[in-house]
Amino acid sequence: MVVLGAGSWGTALAALSARNGVPTRLWGRDAAALAAIAQTHRNQRYLPDVELPPDLRCESDLATALRGADIVLIAVPSHAFASMLAELEPLLDADSAIAWATKGFEPGTGRFLHELVAEHLPGRATAVVTGPSFAREVAAGLPSAVTVHSEDEAFARQLAGLLHAPNLRAYSGSDVLGGELGGAMKNVLAVATGIADGMELGLNARAGLITRGMNEMLRLGMALGARPETLIGLSGLGDLVLTCTGDLSRNRRLGLALGRGVAIDEALRQIGQVVESVLTADEVNRLALKHGLDLPISAAVHAVLHGEVTPVDALRRLMAREQKAEYPPGLFRTN
């Protein structure tokens with residue numbers, strides 16, 4: 001297996017695979033950082049407290065890393081996903097399968113990542129790895145669970161089997177779109193709960209935002225053709241709860257800072273890593289408009305991130321909305 005992306009999540013997945021006895025290569029653009037990882041068995045920037053397996057191979061040359069790879073697992077930020085695929089096109093072996101652990105949409109178009117894979121690398125077995133999984137905890141061997149979704153059932157089971165470990169349960173599924181939607185949209189909703197906690201609005205507010213955020217995820221998912229059982233599973237509800245409540249989440253930390261009155265540019269500088277919600281909020285808003293959906297929490301986050309309203313004003317607007325039924329009639333009707 002080859003893991004592309006030597007950030008926290010890519011490093012954690014590569015370490016997991018290597019510990020499972022799978023010959024694994026880790027590729028990244030920073031040759032010096034990869035050389036240091038190979039020498040010290042630590043990713044000093046992203047996971048300094050985690051000792052990596054000594055047999056994890058680091059490779060900074062992409063063509064060399066890909067040579068003979070049966071599975072290529074992409075773990076780069078969503079804004080770099082399309083360019084990564086373009087680099088892979090001339091280098092991949094004909095029978096290499098593609099998987100990704102990236103969460104988000106293509107910036108500017110709202111396209112799902114599986115659509116980009118189909119465009120750049122058609123005719124291959126593909127899968128998305130998603131679920132409630134902070135990289136630091138997976139790398140440290142703490143109990144976790146993920147889901148591998150693929151239209152190729154055999155490939156989903158194969159990849160889940162390679163990732164499954166004593167401290168990580170890897171499930172398989174076939175709803176790629178639903179898995180991707182949950183993994184992307186939860187980042188936007190985590191900003192909302194972070195803002196509420198930063199404003200010290202209490203635990204009731206947090207629970208309400210998570211639950212109503214789940215409602216928005218379900219409604220958008222149903223409009224797009226995702227299965228509700230996917231969204232109430234690990235890749236939807238599971239990831240939503242983790243990201244909305246765990247301070248290892250960069251998206252939640254962004255919300256916390258905004259709720260405390262920190263300007264967005266300063267908050268992003270303090271976090272120091274890619275915060276997917278900043279771009280994802282735009283694409284969720286785009287999809288909601290396209291399908292004629294009112295997603296008030298997601299819309300509020302979008303407005304706050306763009307400086308159109310303050311967190312206080314966003315809260316006031318949410319609380320002033322008209323009273324209505326909790327779920328629209330027929331939401332879960334599939335026929």
- With Cα coordinates, the longest principal axis of the chain makes an angle with the long axis of helix 176-198, in degrees rounded to 10, of 60
- Task: Kindly sort T11, T211 by accessible area of their heavy atoms, largest first, with the probe set to 1.4 Å.
- Result: T211, T11
- Of the accessible area of the chain, with the probe set at 1.4 angstrom, what percent is carbon plus sulfur? 52
- Message: Compute, for the chain, the length of the dipole vector about the Cα centre, with Cβ point charges of +1 (Lys, Arg) and -1 (Asp, Glu) only. Units Debye, rounded to 20.
- Response: 720
- Check S174: other-chain or 5+ apart residues with amide H under 5 Å from its amide H, H built from backbone geometry? S150
- Query: In what sequence, highest mean first, do 316-328, 22-34 appear when ranked by Cβ atoms within 10 angstrom?
  - Reply: 22-34, 316-328
- Query: Which value, in debye to the nearest 20, gives the size of the charge dipole of the stretch 2-174 about its Cα centre, when Lys and Arg are +1 and Asp and Glu are -1 at the Cβ?
  - Reply: 500
- Item | Sum of side-chain charges, L159 neighbourhood, beta-carbon under 12 Å (Lys, Arg +1; Asp, Glu -1) | -2
- Tell me, what is the per residue accessible area of the chain in Å², probe radius 1.4 Å? 44
- Task: Grab the beta carbon distance between D152 and E119, set R0 = 25 Å, and tell me the FRET efficiency rounded to 0.05.
- Result: 0.90
- Note on the structure: Karplus ³J(HN,Hα) for the stretch 48-60 (6.51 cos²θ - 1.76 cosθ + 1.60, θ = phi - 60°; Hz, whole; x = Gly/Pro) runs x, 8, 10, 7, 8, x, x, 8, 6, 8, 9, 9, 8
- Note on the structure: Taking only protein heavy atoms and a 1.4 Å probe, the highest-to-lowest accessible-area order of L56, L201 is L201, L56
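The values are calculated or read from the model by the stated rules, or taken from the named source; none is laboratory data. All of these numbers come straight from a predicted model, not from anything done at the bench. Don't worry about glycine lacking a Cβ; one is built from the backbone with ideal geometry, like all the others, and counts go over all protein chains shown. With ligands, DNA and RNA removed, areas are computed over all heavy atoms of the protein, side chains included. Shrake-Rupley method; radii C 1.70, N 1.55, O 1.52, S 1.80 Å.
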